[in-house]
1. Pulled fully out, how much extra length does the chain show between residue 74 and residue 87, if you take 0.36 nm times their separation in residues and subtract their Cα-Cα distance?
2. Could you derive backbone 3J(HN,Hα) for region 23-38 from the dihedral phi with the Karplus parameters 6.51, -1.76 and 1.60 (θ = phi - 60°), listing whole Hz in sequence and x where the residue is Gly or Pro?
Amino acid sequence: NVSTTVPTINSWHHAVATIATGTSLILYSDASSVKTATLSNAIAVNSGGFALGKAGEQNAEYFQGQITQVCIWDSVLTSGNVTTLYNSGVPIDPRRIDPTNVKACWFCGDGESEGSGLTVYNGENNNNNLTLNNGADFSTTSP
């Protein structure tokens, strides 16, 4: 299942994925739903972590761009939540949306206190820090 929406290059975009009951997926781009799908296998959380910006397990293709924030909730965001996050292209702090269910929130390259070397610190202070791999690095530019 692939979205036919192609984002413009060299432009900032806001992306959100929601997964309800482990199999019901909705993808949003700039606050608009661009793909809905039912996954054949439920998404399960395990201690092995996850990859962001990588497609597939073998012969992976890596995202060629900058990611400024990643936030994970233990609840499903509504389309209204997504619109609020996008905020007409001026995103708000994602921890303001359903703050009691935020499980992890990483701010990549927002300053020295947010990370250094290959580590991005989790803003929720629960030691789920993000490790940069495969040439990923902090940037001094902001999208």
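1. 2.5 nm
2. Each residue of region 23-38 in turn: 10, 8, 9, 10, 9, 10, 10, 6, 6, 10, 5, 10, 6, 10, 7, 10 Hz.
A short reminder: the numbers here are calculations on the coordinates, not readings from a lab. Being a predicted model, the structure only gives us computed values, none of them experimental.
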